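J.: Input: one structure, supplied below.
Nothing in this text is a laboratory measurement; each read-out follows from the coordinates by a stated rule. Only a predicted model underlies this, so the values are computations on that prediction, with no experimental measurement involved. Positions of Cβ are backbone-derived with ideal geometry, glycine not excepted, and every protein chain shown enters the neighbour counts.
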Amino acid sequence: MTNTLYSLDALGTSLAFFMALLLGFGFGFALERAGFSSSRRLAGVFYFTDMAVVKVMFTALVTAMLGLSYLVAAGWISMDQIFLMPTIYGAQIVGGLLFGVGFAMGGWCPGTAAAGMAAGRIDALVFLLGAVGGSILFNELFPLISGLYTAGDRGVQMLYDTLGMSRNVFILVFTLVAVAAFWLAEWAERTRTGHSEYLGSPFLKAFSVALVAVAAGLFVLSPATTNSPTPQTSSHGTTARDETALLAGVEKAGDHIEPEELAARLMAGETGLVLVDVRPAIEFNAFHIRGAINVPLAGLAEALQPFKNKGMVVLYSNGMTHPAQARDSLQRQGFGNVYLLTDGLQGFRERCLKPVSLRLEPLSASQAAQVNAWRNFFAASGLAAKTGPVTTVTPAETGPRLVETDWLASQLGASTIKIIDLRPQPEYNASHIPGAVSLNVESLRGNVGGVPSMLLPAPMLAAQFSLLGIRPTDTVVLVAGDKFHDATLAGMALERLGHANYAILNGTQAKWAQDGRPANAMLPIVTPSEYPARQPADHFTVDYRAVAAKVGKPGTVIIDVRPVEFYTGKKSDEARAGHIPGAINRPYTEDVATSSNMVITLKSREALAAEYGQVIPSQNTEVIVHCRTGHQASQTFFVLKHLLGYPNVRWYDAGWTEWATRMELPVVNKAKLNTPSK
Amino acid sequence: MNTNPDTSKSGPRPYANPYLAGVLLGLVLLGSFVILGAGLGASGGIARIGASTSLCLSPAHTLGSEYFGKWGTQPMNYYLVFMLAGTFVGALFSALLANRVRIQVERGAASPVMLRLGYALVGGLIAGFASRLAQGCTSGQALSGGALLLTGSMVFMLCLFASGYATAWFVRRQWHD
């Protein structure tokens, strides 16, 4: 079995660019051989004077279709390794109708116009300029037509499934139709122009017989329809089958669950039901269905692995498109128990959470009672369920933030203020902020699954913070010594526990001393607490797979925050030197200013905003930060997410330590020459 | 008949047998499936040129836009851009071999040049727009998606030919001799 570049997620590599160039060469060569560098010949198809378009296009289509089917049957390639475009009826019907107008008017389509331009056709150049303009026009109008762009989205659909035929039968029928089209095309040319080169010729007869024979041969080679990319897996666990039976009465389609059914199951506290919100974290935090967990689409398959074919997984977003795509992808990866919430969150709001008073349809007393029960269970708890006991304080005051020494001085002695001093112990022992507890930030990290220096799992962190007497309701103040990023790393540990209420002292301990604030050498009296370990994984940490999936993909900015000589590969103390392809370098040291007496402060928000505005295209751009072990990158994470408010920042904790050792992962080493991964 | 004495002694050579050219095209497409794991495409590359143009004209607006914005600051770093470049070079190679390169506005002898160019421009505009909407053109959707037997691609192809035939009569003057 070969691996395609798509299946390796390597379509953005220079190897893929080179192969695309070569394949494009073959494409252009074949188009020109066929005479598709002539708009008259192309347009002839619409006037029945020159049917070359039908002959060439359907021959090519049938050739590739049959060739691919044989390769799949022989086990050389799997359909899963090929990018399959979703069926979106609205967009493709309207797009197809419009495209036909453009094709007939212009006498070209985009590929043939490139060939026509090569053959000197000025009309092809003009067509291409128009097509560039049309693309720009589409972008400008996108906000108006985005509904149409996703209208009728059915995910990946194979025509033989849509028609209810077996793949082999469909291919045979399709080949027969193509052969009939060839003869009709020849006949049309003779009728219209008095001349047909191939009608009734021995060549066309032999060619027709050969195509049909090859298509029929598939029945011998792969008698069953095993090469469907979305097999209706018979490997559903027994639970999944039970679920299907349970759902049979209420489902419109086998893969949907209606809002009312979901609400009933959630209220019943059904175990084995995993509700997954695939929207961005910021939307999830604003509101989500009670009991949902938030998993970004990128990490879905991995995050849901424990629930694969166990119980029932329900995906939802605002609408249906993303969950449908995700479900198709999961199903191809063997998940047989993934369902969609019909009409998504919008449907849930409309059908379950809409107050009785706002409903247009008359409700019976029992229906009204049902709606009120739903509202009591879901509507009231949307926000509170997430943030825990924090009640009346506004989010701005409770989220991760930067504080100055005067604020901390005013808070000293408050029972909910817990100060953690992250300096080495001798310095702490000599003098510290009154009441501060000492913590070595390295104790928050350890070897996780073979990767050293990983932030520890939530239960272990919870145990450590419990020993420090930290409670979920506390405001934790983190004070660093000569490494500002010690504070941000401790912040990551708190965030993993869902403890957003922490502050980092700007200027570190040195500023506190310089300002002449109180200090002593007393050890505080600490009553250990029982900090609860949050169950679901955090949503800001990404692993190498998630990072690799973004390499070469537009729309994601990967920031390597290590010193520049490590980024370029000039220096290295890891398995390989260099950086992740496409990653940009912004050393973490550029975010801070260090004065002569070791006062480390973050640069002003305005300065940082301007500098990061240069490298991150928009506020909503997804950003992945990493360094060698995750330590330095935690500082960049804090700056981007909490100081500058970028909502989609992820932290690749394992960092270069891991990436460099995984030889399958691509590396750019500017110190040497580029070393492609394959 | 040769009207261009400095290119070659002989005139343009005839086109290949369309069925054999189709087999060649099909094999290239198959190669694309096996090597890239994706079909052939042309409009994707054109759209990238559009995004790049838009970036030059108004970077902030483009990066903030919903569709082009997600392609980032380097939209040309995309395999279909390279494929489009290859298509041009491959066609040039074939056209030179067959002595078919002629700088001309291809049209019916009785058709004004500006009429033909006007249709080409508007046709291009519509096709460029439509291929973004449908996420592909004759190459990426109809041919590649058709060979994969994708429902949406087949629907696209059907609609394309239906409206092409419906439109052709209205724009026939550009081909009148």
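J.: Can you tell me how much longer the chain between A:Tyr89 and A:Leu523 gets when fully stretched, taken as 0.36 nm per residue apart minus their C-alpha distance, in nm with one decimal?
T.: 149.3 nm
J.: Excluding B:Leu121 itself, what net charge comes from residues whose Cβ is under 15 Å from its Cβ, given Lys and Arg +1 and Asp and Glu -1?
T.: Neighbour charge sum, excluding B:Leu121 itself: +1.
J.: To the nearest 20 debye, what is the magnitude of the charge dipole of the protein assembly as shown about its Cα centre, counting +1 on the Cβ of each Lys and Arg and -1 on the Cβ of each Asp and Glu?
T.: Here the protein assembly as shown has a charge dipole of around 1800 debye.
J.: On to the next question. Please list the equivalent ellipsoid semi-axes of segment A:155-210, computed as the square roots of five times the alpha-carbon gyration tensor eigenvalues, in descending order and whole angstrom.
T.: Values for segment A:155-210, descending: 30, 13, 7 Å.
J.: What FRET efficiency do you get for A:Ala268 and A:Leu360 if R0 is 25 Å and r is their Cβ-Cβ distance, rounded to the nearest 0.05?
T.: 0.30
J.: Among the listed pairs A:Lys483/A:Lys570; A:Lys483/A:Lys603; A:Lys55/A:Lys205, which are separated by more than 20 Å between their Cα atoms?
T.: A:Lys483/A:Lys570
J.: Only helices at least 18 Å long along their own axis, judged from Cα atoms, and with Kyte-Doolittle mean hydropathy of 1.6 or greater: name those in chain A from DSSP H.
T.: A:52-73, A:202-221
J.: Picking from A:Gly133, A:Ala215, A:Leu144, whose Cα lies most toward the positive end of the charge dipole for segment A:103-227 (charges on Cβ: Lys, Arg +1; Asp, Glu -1)?
T.: So the residue furthest toward the plus end is A:Ala215.
J.: Which whole-angstrom value gives the distance between the alpha carbon centres of segment A:286-352 and segment B:134-162?
T.: With segment A:286-352 and segment B:134-162 each reduced to a Cα centre, they are spaced 29 Å.
J.: Okay, next question. Going by alpha carbons, how many degrees (0 to 90, nearest 10) lie between the helix axis of B:43-57 and the longest principal axis of chain B?
T.: 70 degrees
J.: With a 10 Å Cβ neighbour count serving as the proxy for reagent exposure, in which order, fewest first, do A:Trp76, A:Trp651 appear?
T.: A:Trp76, A:Trp651
J.: Roughly what angle does helix B:151-168 make with the longest principal axis of chain B, taking Cα atoms, 0 to 90 degrees, to the nearest 10?
T.: It works out to around 40 degrees.
J.: Additional query: How crowded by other chains is A:48-55, given as the mean number of beta carbons from other chains within 10 Å of each beta carbon?
T.: Shielding by partners across A:48-55 averages 3.
J.: Hey, what number do you get for chain B at 222 nm if only DSSP H runs of n ≥ 4 count, each worth -39500 (n - 2.57), divided across all residues, to the nearest 500?
T.: So the calculated ellipticity at 222 nm is -18000 deg cm²/dmol.
J.: Please identify, among B:Leu97, B:Leu160, B:Leu143, the residue showing maximal mean-square fluctuation in a Gaussian network model of chain B using a 10 angstrom Cα cutoff.
T.: Largest GNM mean-square fluctuation: B:Leu97.
J.: Run the dipole for segment A:1-149 about the Cα centre, Lys and Arg Cβ at +1, Asp and Glu Cβ at -1, nothing else charged, and hand back the magnitude in debye, nearest 20.
T.: The dipole of segment A:1-149 has a size of about 400 debye.
J.: Follow-up. What share of all Cα pairs of segment A:544-659, in percent, falls into each consecutive 5 Å distance bin?
T.: In order of increasing distance, the bins hold 2, 12, 22, 25, 20, 12, 6, 1, 0 percent.
J.: Work out the mean other chain Cβ neighbour count within 10 Å for the residues of A:75-83 and drop it here as an integer.
T.: Taking the mean over all residues of the peptide, I get 3.
J.: Let me ask you something else. Taking R0 as 30 Å, what's the FRET efficiency between B:Leu97 and A:Leu148 from their Cβ-Cβ distance, rounded to 0.05?
T.: The pair B:Leu97/A:Leu148 has a calculated efficiency of 0.10.
J.: Projected onto the charge dipole of the protein assembly as shown (+1 at Lys/Arg Cβ, -1 at Asp/Glu Cβ, origin at the Cα centre), which of A:Val479, A:Leu360, A:Gly96 gives the Cα projection farthest towards the positive end?
T.: Checking the options against the dipole of the protein assembly as shown, the answer is A:Gly96.
J.: Please report the antiparallel percentage of the DSSP beta bridges confined to the protein assembly as shown, to the nearest 5.
T.: Beta bridges within the protein assembly as shown, antiparallel portion: roughly 25 percent.
J.: Please work out the FRET efficiency for the pair A:Ala549 and A:Val169, using the Cβ-Cβ distance as r and a Förster radius of 51 Å; give the result to the nearest 0.05.
T.: Computed FRET efficiency for A:Ala549 and A:Val169 comes out at 0.90.
J.: From the residues B:Leu143, A:Leu489, B:Pro59, which one has its Cα farthest along the dipole of the protein assembly as shown in the positive direction, the dipole being from +1 and -1 charges on Cβ of Lys/Arg and Asp/Glu about the Cα centre?
T.: B:Leu143
J.: If you average 1/r across every pair of different Cα atoms in chain B and take the reciprocal, what Kirkwood value do you get, in Å?
T.: 18.9 Å
J.: Rounded to whole Å and ordered largest first, report the semi-axes of the equivalent ellipsoid of chain A derived from its Cα gyration tensor (root of 5λ).
T.: Rounded to whole Å, the semi-axes are 56, 33, 23.
J.: Just from its helices, what would the mean residue ellipticity at 222 nm be for chain A, if runs of 4 or more DSSP H residues each count -39500 (n - 2.57) and the sum is divided by every residue, rounded to the nearest 500 deg cm²/dmol?
T.: -13000 deg cm²/dmol
J.: My understanding is that a pair violates if its Cα-Cα distance is over 30 Å; which of A:Lys511/A:Lys550; A:Lys550/A:Lys670; A:Lys310/A:Lys641; A:Lys511/A:Lys571 do that in this structure?
T.: Beyond 30 Å between Cα atoms: A:Lys511/A:Lys550; A:Lys310/A:Lys641; A:Lys511/A:Lys571.
J.: Follow-up. Quick one: Cα convex hull volume of segment A:5-163, Å³ per residue?
T.: For segment A:5-163, the hull spanned by Cα atoms encloses 158 Å³ per residue.
J.: At a 10 Å Cβ-Cβ cut-off, how would you order B:Thr87, B:Thr138, fewest neighbours first?
T.: Exposure proxy ranking, most exposed first: B:Thr138, B:Thr87.
J.: If you don't mind, there's one more thing I want to ask. Only Cα pairs within less than 10 Å get springs; with that Gaussian network setup on chain B, which residue of B:Met157, B:Met114, B:Met76 has the largest fluctuation?
T.: Comparing B:Met157, B:Met114, B:Met76 in the GNM, the peak value goes to B:Met114.
J.: Would you mind ranking B:Asp177, A:Asp543 so that the residue whose beta carbon has the fewest other beta carbons within 10 Å leads the list?
T.: B:Asp177, A:Asp543
J.: Something else now. If the only charges are +1 at each Lys and Arg Cβ and -1 at each Asp and Glu Cβ, what is the size of the charge dipole of segment A:544-659 around the Cα centre, to the nearest 20 debye?
T.: Approximately 200 debye in magnitude.
J.: Whole percent per 5 Å bin, from 0 to the bin with the longest distance: what is P(r) over all C-alpha pairs of segment B:13-103?
T.: 3, 12, 16, 17, 15, 13, 10, 8, 5, 1
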